[in-house]
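Q: Attaching a single structure in structure tokens format; questions to follow.
The values are calculated or read from the model by the stated rules, or taken from the named source; none is laboratory data. Only a predicted model underlies this, so the values are computations on that prediction, with no experimental measurement involved. When we count neighbours, we look across all protein chains shown, and the Cβ atoms used for this are built from the backbone with ideal geometry, even at glycine.
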Amino acid sequence: MLRVRDVVDILEDLAPRAFALRDDPVGLQVGRPDKPVRRLLVALEVDRRVLAEADAAGADLLVVHHPPIFRPLTELRTDRGNVAILARLLAEDRSVYAMHTNYDAAPGGMNDVLARRIGLANVRPFGAGSEVGYAKVVVFVPETHARDVLKAMAEAGAGHIGNYDHAAFLGRGTGTFRPLPGADPFVGEVGRLEEVEERRLEMIVPEERLSRVLAAMRRVHPYEEIAYDVYPLREPRREVGLGRIGELGAPVTLAEFAREVGQRLARSSVRVVGPLELTVRRVAVVGGAGSSWAAAAREAGADVLVTGDVGYHRAREALDAGIALLDVGHDVEAIFVPEVAAYLRRAFAERGWEVEVRESGVTWDPFATIGCG
């Protein structure tokens with residue numbers, strides 16, 4: 001039976017929690033890891049409309065972009081606000097998994113999708129998002145199983161250095177142990193001191209893959225009690241850029257660019273900050289409320305930042321910094337729904353898992369534009 005934890009593993013292959021900005025509450029927020037999952041619903045966030053969809057679909061798990069618990073709760077009034085939503089989720093035994101800025105920053109995630117839909121080329125990350133590090137796993141393996149353990153750990157994400165994978169060190173040595181009463185040894189007998197020719201296997205592991213690598217190692221290792229060490233490494237560390245920056249096929253004016261982006265992202269209107277005759281060649285993208293990244297986008301060489309939720313003061317700061325802004329709305333992040341649903345369907349099909357994936361049909365733009373001229 002497929003369980004929530006299995007779906008979480010697949011989601012964190014796409015967007016590891018370590019990629020999230022500091023203090024961003026991503027992960028399993030409601031429910032429990034061992035809950036069986038037969039049907040799931042992908043939505044931008046959770047409200048009463050999405051709960052109605054979950055009821056109709058019989059969804060056991062909701063996968064959302066915006067965390068339902070974003071700020072600390074100050075009361076548990078179940079008759080109003082977000083707590084009423086949480087209380088209903090608990091009463092109906094539905095789990096909720098949120099992938100927020102970790103999905104924004106992930107390769108193939110929100111900002112890569114937006115960059116692709118806008119039509120950017122030569123796309124690369126920009127902006128210091130989260131900083132993640134590495135660990136070194138050292139495990140002692142009998143000679144007969146060393147290659148199998150190495151292979152399993154590598155396939156789980158260990159041993160990737162630059163343009164090389166399966167990078168490891170294997171040293172020879174002798175392991176000693178004496179099985180005590182109650183043990184079920186792979187080698188030797190209870191009560192007798194044993195010596196076994198073993199290999200010392202060392203592999204570097206990105207910290208966001210550590211639990212997956214250790215689980216793979218345990219599955220393949222033949223010993224009942226495995227001797228291994230995990231060493232956190234001070235170097236190397238790497239920054240995971242939250243935004244994306246890329247180039248247009250040909251330069252256009254800001255006005256032309258705004259119209260094109262509005263059409264590509266199915267916007268009824270967009271807001272523009274900057275001179276409409278500005279020549280646009282290089283474009284930065286930060287989905288959601290990303291106007292605070294304008295200075296970083298300018299430093300990265302962007303002529304315009306495509307984002308949402310642009311306020312007056314941020315707009316003035318962008319003008320002073322010499323970068324244009326294109327506000328396409330926060331709800332443009334609803335592309336999360338078809339993208340993540342398609343990813344899950346592919347992942348389930350590859351594993352032969354029968355899980356029904358539904359997509360929320362709720363619309364999220366809370367604004368209406370009324371002409372007054």
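Q: Out of contact with any strand residue (DSSP E or B) (no Cβ under 7 Å at 6 or more places or on another chain), closer than 25 Å to residue 174 by Cβ and modelled with pLDDT under 95, is that true of residue 225? Before the answer, list the steps.
A: Details: out of contact with any strand residue (DSSP E or B) (no Cβ under 7 Å at 6 or more places or on another chain): yes; closer than 25 Å to residue 174 by Cβ: yes; modelled with pLDDT under 95: yes.
Spelling it out, residue 225 is indeed out of contact with any strand residue (DSSP E or B) (no Cβ under 7 Å at 6 or more places or on another chain), closer than 25 Å to residue 174 by Cβ and modelled with pLDDT under 95.
Q: Collect the residues in region 86-107 that are among the acidic types (Asp, Glu), more than 16 Å from residue 339 (Cα to Cα) and either within 21 Å of the chain's Cα centre (by Cα) or crowded, with 24+ Cβ neighbours inside 10 Å (or both), keeping them in residue-number order.
A: To start, the set of residues in region 86-107 that are among the acidic types (Asp, Glu) comprises 92-93, 104.
Now narrow it down to the ones that are more than 16 Å from residue 339 (Cα to Cα): 92-93.
Within region 86-107, none qualify.
Q: Are any residues in region 108-134 among the small types (Gly, Ala, Ser), in a loop (DSSP other than H, G, I, E, B) and more than 16 Å from the chain's Cα centre (by Cα), and if so, which ones? Outline the logic, then answer.
A: Of the residues in region 108-134, the ones among the small types (Gly, Ala, Ser) are 108-109, 115, 119, 121, 127-130, 133.
Going one step further and asking which of them are in a loop (DSSP other than H, G, I, E, B), we end up with 108-109, 119.
Within region 108-134, just 119 meets the criteria.
Q: Go through (1) within 21 Å of the chain's Cα centre (by Cα); (2) among the hydrophobic types (A, V, I, L, M, F, W, C); (3) over 30 Å from residue 303 (Cα atoms) for residue 183 and report which single condition fails.
A: (1)
Q: If you check residue 287 against the conditions, is it at pLDDT 95 or above, in a loop (DSSP other than H, G, I, E, B) and under 23 Å from residue 369 (Cα atoms)?
A: Numbers: at pLDDT 95 or above: yes; in a loop (DSSP other than H, G, I, E, B): yes; under 23 Å from residue 369 (Cα atoms): yes.
When the stated conditions are applied, residue 287 passes them.
Q: If you don't mind, another one. Which condition number in (1) under 28 Å from residue 320 (Cβ atoms); (2) exposed (fewer than 15 other Cβ atoms within 10 Å of the Cβ); (3) at pLDDT below 95 is the one that residue 241 fails?
A: The single condition residue 241 does not satisfy is (2).
Q: Please go through region 164-201 and pick out each residue that is touching a residue at least 40 places away in the same chain (Cβ under 8 Å) and in a loop (DSSP other than H, G, I, E, B).
A: 183, 184, 186, 187
Q: Check region 18-31 and report whether any residue there is more than 20 Å from residue 335 (Cα to Cα), surrounded by 19 or more Cβ atoms within 10 Å (Cβ to Cβ), β-branched (Val, Ile, Thr) and in the same structural domain as residue 350 (by TED's automatic domain parsing).
A: yes
Q: For region 235-275, how many residues are touching a residue at least 60 places away in the same chain (Cβ under 8 Å), over 19 Å from residue 335 (Cα atoms) and not in a helix (DSSP H, G or I)?
A: Residues flagged as touching a residue at least 60 places away in the same chain (Cβ under 8 Å), over 19 Å from residue 335 (Cα atoms) and not in a helix (DSSP H, G or I) within region 235-275 amount to 10.
Q: So, in region 160-201, exactly how many residues are of a type in the set (Gly, Ala, Ser) and either under 15 Å from residue 228 (Cβ atoms) or not assigned by TED's automatic domain parsing to the domain that holds residue 220 (or both)? Before you say what the answer is, go through the steps one by one.
A: Keep residues of region 160-201 that are of a type in the set (Gly, Ala, Ser), which gives 162, 167-168, 171, 173, 175, 182-183, 188, 191.
From what's left, either under 15 Å from residue 228 (Cβ atoms) or not assigned by TED's automatic domain parsing to the domain that holds residue 220 (or both): 168, 171, 173, 175.
Here the count works out to 4.
Q: For region 328-367: of the residues being within 20 Å of residue 258 (Cβ to Cβ) and at pLDDT below 95, which is surrounded by the fewest Cβ atoms within 10 Å (Cβ to Cβ)?
A: If we take residues in region 328-367 being within 20 Å of residue 258 (Cβ to Cβ) and at pLDDT below 95, then 367 is surrounded by the fewest Cβ atoms within 10 Å (Cβ to Cβ).
Q: (1) within 21 Å of residue 111 (Cα to Cα); (2) acidic (Asp, Glu); (3) assigned by TED's automatic domain parsing to the domain that holds residue 246: which one isn't true of residue 317, the others all being true?
A: The failed condition is (1).
Q: Being assigned to a loop (DSSP other than H, G, I, E, B) and touching a Leu at 6+ places or on another chain (Cβ under 8 Å) is the filter; apply it to region 1-55 and report the residue that is modelled with the lowest pLDDT.
A: Applying the first criterion (assigned to a loop (DSSP other than H, G, I, E, B)) to region 1-55 yields 1-2, 15-16, 20-26, 31-35, 37-38, 44-47.
Still in the running and touching a Leu at 6+ places or on another chain (Cβ under 8 Å): 21, 31, 35, 37-38, 46.
On the way: 21: 92, 31: 97, 35: 97, 37: 98, 38: 97, 46: 98.
My answer is 21.
Q: Can you give me the ranges of the helices (runs of 4 or more DSSP H) entirely in region 290-373 with at least 3 residues that are within 20 Å of residue 264 (Cα to Cα) and touching a residue at least 40 places away in the same chain (Cβ under 8 Å)? Even if it seems obvious, please write down each step before you answer.
A: On the way: elements: 294-299, 312-321, 336-351.
Result: 336-351.
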